[in-house]
Amino acid sequence: MEKKELLYEGKAKRIYSTDDPGLVIAEFKDDLTAFNGEKKSSESGKGALNNKISTELFKYLNNKGIPTHFVDMIDDNHMVMKKCDVILIEVIVRNIATGSLSRNLGIENGKELPFALVEFDYKNDELGDPKLNDQHCLILELVKDQSELEYIRYMARRINEILKEFYKERDLILVDFKLEFGRDTNGNIILIDELSPDNFRLWDAKTGESMDKDRFRKGIGDVKVAYEEVLNRILKG
């Protein structure tokens, strides 16, 4: 399968059409961005690591009954995916307070939340990805009705339950993460985008060390080393 027309380029991926109208190819980039693109860099091999990590997690979730757009990994930097219409809601799931949640609400950094918090952000770079409530989502017609929002919440919580246990078995703590959903050609809402340390906060269960893009955000360094360690733990099981 070959890449054809460039359909979209984001911060971390390029999406190309293929000779199959129902499939696209994602090319994972080595770019690193933070703070809505204000901080930028690149690290060779980062894209390939995100592709491999995402592949393993999509396969795992598929086997657990979570519908996703994943079809196949065709080489280190390219993944075949089902073509979907993106739902412009970024779904944030938080298990532990840190980052913006601690800054904005004064919750102690590192405090375990009494339940998984599911938040919605508007996927709109020009507006800075503002927070959304259910009424905003309906007014903006990001979903058809309230039942779709409830389904997205349910899926986010279910994915969180699965991946929390998955990472726990690999001595990693799933702190928080971002998910995206889209509609496939049949109109079904399925999980899309990627599942990588670019979108997940992961802490080492023994040391508390960040194993994700916070290493870039905070200038800690060794981003690729941390991502390689995450992939190694996933593969070892």
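Only the coordinates and a few stated rules stand behind these numbers; no lab work does. Since we're looking at a predicted model, the values are computed, not measured. Don't worry about glycine lacking a Cβ; one is built from the backbone with ideal geometry, like all the others, and counts go over all protein chains shown.
What the table shows:
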| item | result |
| --- | --- |
| Amide H within-cut-off set for I87, under 5 Å, with H built and near neighbours excluded | F181, G182, R183 |
| Candidates L101, L172, L191, ranked by Gaussian network fluctuation over the chain, Cα under 10 Å, top entry | L101 |
| For the chain, fraction of C-alpha pairs farther apart than 21 Å, in % | 57 percent |
| In Hz, Karplus ³J(HN,Hα) per residue of region 35-42 (6.51, -1.76, 1.60; θ = phi - 60°; x = Gly, Pro) | 6, 6, x, 6, 10, 9, 6, 8 |
| Rounded to whole Hz, the Karplus (6.51, -1.76, 1.60) HN-Hα couplings of region 212-224, x for glycine and proline | 8, 5, 4, 5, 7, 4, 8, x, 6, x, 6, 4, 4 |
| Hz values of 3J(HN,Hα) by residue in region 60-70 - Karplus curve (6.51, -1.76, 1.60), Gly and Pro given as x | 4, 5, 4, 5, 8, x, 8, x, 10, 8, 5 |
| Å³ per residue enclosed by the Cα convex hull of region 150-228 | 103 Å³ |
| Long-range amide H partners of L132 with built H, under 5 Å | F120, D121, Y122 |
| The chain: most fluctuating residue of R183, R217, R103 per GNM, C-alpha cutoff 10 Å | R103 |
| Value of D in µm² per second that Stokes-Einstein yields for region 6-82, Kirkwood Rh from Cα pairs, at 4 °C (1.567 mPa s) | 98 µm²/s |
| Potential extension, K131-D75 segment - 0.36 nm per residue separation minus Cα distance | 16.6 nm |
| q = 0.16, 0.19, 0.21 Å⁻¹: log10 I(q)/I(0) that the Debye formula gives for region 85-222, counting C-alpha atoms only | -0.89, -1.21, -1.41 |
| Net dipole in debye of the chain [+1 Lys, Arg Cβ; -1 Asp, Glu Cβ; about Cα centre; nearest 20] | 520 debye |
| Residues with amide H under 5 Å from that of L32, placed H, sequence gap 5 or more | S41, S42, E43 |
| Anisotropy class of region 47-126 from Cα gyration tensor, a/c 1.5 cut | prolate |
| Protection-proxy order for peptides 192-204, 26-38, 5-17, each taking the mean of Cβ atoms within 10 Å per residue, highest first | 192-204, 26-38, 5-17 |
| Stretch gain in nm, segment A205-Q146, where the contour uses 0.36 nm per residue and the Cα spacing is subtracted | 17.5 nm |
